[in-house]
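Note sheet for the following structure.
The values are calculated or read from the model by the stated rules, or taken from the named source; none is laboratory data. Not measured: the values here are computed from a predicted model. We place every Cβ from the backbone using ideal geometry, glycine too, and count neighbours over all the protein chains shown. Only protein heavy atoms, including side chains, enter the accessible area calculation; ligands, DNA and RNA are left aside. Shrake-Rupley method; radii C 1.70, N 1.55, O 1.52, S 1.80 Å.
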Amino acid sequence: MKGVQWLLLAGVVASALGAGHASGAPPLGTYLHVSWDKTPEALYRVLNALDDLGYQFIFLEVGGNLRLDGVQGLEGKGAWTSQEVRAFVRAAKSRGIRVYPVVSLLSHPECGPQHARYVDPQLGLRLWEDGVYDFVRQVVVETLKVFRDGQSGPMYFHVRLDEAREVIAANAKRLGRAPDEVLADHVLRLREIIGAAGARMVMYHDMLLSPEDVSIGTALGGPPISTARALDRLPRDIVINFWLYDFMAEHAPAIEHFTRRGFPVWVSPWLAPELGLSQYARQHGLPVVGTTWCPLFGIGRHYGLQRALFTTGFYLRHPGAPAPHALPFSPRLRVVRSLAAPAPCGRQGVRLLLPALRPTQAFALAGALEGFPERPIRAVSFFDPSDPAQAWEQRVLAAPKPLRLEWGEGRRQELAGVNIDRGEGAFVLYTPAHGRSTQTNPFGGEIVLVEGLVRDASLGGYGLGDQPIPPGGCVISAHVGNWTIPALLDEMTRSRLTLVDAEGRSLLPAPASEELQESSKVALPTPDHARAGGIVVHHGTVQAAMPGRFLGEIRLVGPDGSVCATPVVYGQNVAAFRMPEWLMTPDLKPVTDAWLAWSDDRGGQPRVLVGTRLRMPNGWRPRQVEFVPTAAGRRAGWTVLAVAVCY
């Protein structure tokens, strides 16, 4: 690495991207979706993360999911009330973040208001219907009333208009007009309506760019509909939101196609802002609008989105920085810290003295627990390094090659190798010996396996490389050289995968049982101080597990022998020491009884410790705490480092 990059990274580590907006960087915002669901708990957690990461504005896509009582004939009540959205706008304003509305007003009817007469549920707006623009005006005015509440200064209204070829063609046919004329007139009508309501219009670029102008994947306005011709009819005060998820330097003429004509341009990366769009935005002073493209709860299970929330702003502020896998800290941990809830009880003290680890356990856990504040480490650990399943990685590395994946009825795929660079068209297996992530480029698809089961999958497309390699798991990575590969990966995710060597021997362990093993129970007396304040366990696992995996039970035993039990469930109230998780309930809502009790990522390797508040009746004074693992908990290496009493 060049000396100047090391100097840059020294400043990066010092600032940690949470100390406000860097001098010279253009505005930073993101695009969030509440048009498909209602999870206010997740929305406010994401707001907390955006505040920590220096975001300045949010485009909130409410679509047809906002209740607008002033709009006649609107179908569906909408899950979000005006009061709820206003409360979020005020909460964001208190953090210095502005919130602007997004309502799809042509294409993507699933993200727009629903009306029996004016909206085709498959295509979008029916522009040929009399009164359609009165309907649109009502939607715009009523939506802006909600978003303007408590906000002063400029207001923007994003109307999308992206990927609209079919709806424009259908409207052009019904109206007997050329598609470019239909689009131009529609944009002008929207601009007039939004301007009269005191806001400025924002729209996506793709229907205004033709491959004949610039050959990129998001130039959708070429023949046969040729809607790109509408561009020269549009006023230059319309903000063009340019999106391209695999942006490279050679794609710059696509942005300049609009800036040369005098349009203000905002740019939108997705999962891989490090490819260059954020850097280009900084060089040219263009605002950045990151994108998520999933319901809010999806961020809790999507590593790429968590990383992108951090890196979109990071590469805007630090052009020339290395790829995410080479950073001296964990982008994912920086986001998960902000998403995790604070401790739900006050001060914690009176830590129980836990028994020292057996020598074999201490040796096996030394690497996983390195850096934790308790020294020397004392713990209750159910990790068993002698379990044959723990040696699966060594078997894989030593197995005769080539390895292959098998699934379904005779389906198979040969692997190019293990822990090697992924070449064109290749399938590669990555194990923890390779590093914290696959270090692959964004032009691929990856399947994350834990206990031989599919934990996560990025099936191919933009920015879907560099998945984290879970401790105790592996990643199947495929270069997407053609569009048959995503379909093949999707087929794999819906089957039970088997990894076999050249001699046909299976290499991945079978999932362990989730039955409690009473014979492995560890019981400790609680101190006299343990009363109504609550008890918190600080714990984690050596290996990753599948979300929802039942790893064991923590029991508090009262003086009369009554028991209050707290189940230990991976991804809900416990996580791997080296794999930060946004802890979620089974219905994908943020948990309130577990949080990151401690975290560190020096050297680029994340290390976390989860705090879990145990279930306990008010005023209860337990005399004993018991830890009971399942076989799955032993396989994962469930380990309790401390028990704290809240007071």
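A few remarks follow.
- Only one of the numbered conditions (1) surrounded by fewer than 19 Cβ atoms within 10 Å (Cβ to Cβ); (2) in a loop (DSSP other than H, G, I, E, B) is not met by residue 440, and that is (1).
Condition check ((1) polar (S, T, N, Q); (2) under 26 Å from residue 207 (Cβ atoms); (3) open to solvent by less than 30 Å² (accessible area, probe 1.4 Å)) across all residues:
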| site | (1), (2), (3) |
| --- | --- |
| 70 | no, no, no |
| 79 | no, no, no |
| 88 | no, no, yes |
| 98 | no, no, no |
| 102 | no, yes, yes |
| 127 | no, yes, yes |
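Here is a yes/no grid of residues against (1) more than 25 Å from residue 235 (Cα to Cα); (2) surrounded by 17 or more Cβ atoms within 10 Å (Cβ to Cβ):
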site	(1), (2)
109	yes, yes
120	yes, no
173	yes, no
184	no, yes
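- Here residue 270 clears all of (1) buried (at least 17 other Cβ atoms within 10 Å of the Cβ); (2) in a helix (DSSP H, G or I) except the condition numbered (2).
- Counting only residues that are assigned to a strand (DSSP E or B), over 11 Å from residue 628 (Cα atoms) and open to solvent by less than 20 Å² (accessible area, probe 1.4 Å), region 554-568 holds 2 of them.
- Scanning region 271-295 for residues that are at pLDDT below 85 and charged (D, E, K, R) yields one hit, 274.
- Region 426-446 residues that are under 16 Å from residue 323 (Cβ atoms), paired with ones that are open to solvent by less than 30 Å² (accessible area, probe 1.4 Å) and among the aromatic types (Phe, Trp, Tyr) (beta carbon under 7 Å, 6 or more apart): 438/430
- Of everything in region 480-510 that is in contact with a Gly (Cβ under 8 Å, 6 or more places away or on another chain) and in a strand (DSSP E or B), the residue that is most open to solvent (accessible area, probe 1.4 Å) is 498.
- Looking at 164, 178, just one residue is of a type in the set (A, V, I, L, M, F, W, C) and open to solvent by 10 Å² or more (accessible area, probe 1.4 Å), and that residue is 178.
- Among the residues here, residue 621 qualifies as outside any strand (DSSP E or B), basic (Lys, Arg) and more than 19 Å from residue 472 (Cα to Cα).
- Test: residue in region 59-80 that is among the polar types (S, T, N, Q) and in contact with a helix residue (DSSP H, G or I) (Cβ under 6 Å, 6 or more places away or on another chain): no
- In region 79-106, the qualifying residues are those that are in a loop (DSSP other than H, G, I, E, B) and more than 25 Å from the chain's Cα centre (by Cα), and the one that is modelled with the lowest pLDDT is 81.
- Any hit, region 450-463, residues being in a helix (DSSP H, G or I), hydrophobic (A, V, I, L, M, F, W, C) and open to solvent by 20 Å² or more (accessible area, probe 1.4 Å): no
- From the options 300, 304, 290, 222, residue that is of a type in the set (Gly, Ala, Ser), at negative phi and without any contact (Cβ under 8 Å) to a residue 24 or more places away in the chain: 222
- Criterion applied to 623, 634, 602, 607 was being of a type in the set (D, E, K, R), open to solvent by 40 Å² or more (accessible area, probe 1.4 Å) and under 29 Å from residue 510 (Cα atoms), and the one residue passing it is 634.
- Pairs linking a residue in region 476-502 that is touching a residue at least 24 places away in the same chain (Cβ under 8 Å) and closer than 21 Å to residue 421 by Cα to a residue that is open to solvent by less than 10 Å² (accessible area, probe 1.4 Å) and assigned to a helix (DSSP H, G or I), with Cβ atoms under 7 Å and 6 or more positions apart or on different chains, are 478/489.
- Restricting region 189-203 to residues that are under 11 Å from residue 136 (Cα atoms) and crowded, with 22+ Cβ neighbours inside 10 Å, the residue that is farthest from the chain's Cα centre (by Cα): 193
- The sole residue among 513, 477 that is among the hydroxyl-bearing types (Ser, Thr, Tyr) and in a strand (DSSP E or B) is 477.
- Residue check for residue 514: touching a Lys or Arg at 6+ places or on another chain (Cβ under 9 Å), under 30 Å from residue 394 (Cβ atoms) and either charged (D, E, K, R) or open to solvent by 30 Å² or more (accessible area, probe 1.4 Å) (or both): yes
- Residue match in region 244-255 (condition: touching a helix residue (DSSP H, G or I) at 6+ places or on another chain (Cβ under 8 Å), in a helix (DSSP H, G or I) and either open to solvent by less than 40 Å² (accessible area, probe 1.4 Å) or under 30 Å from residue 39 (Cα atoms) (or both)): yes
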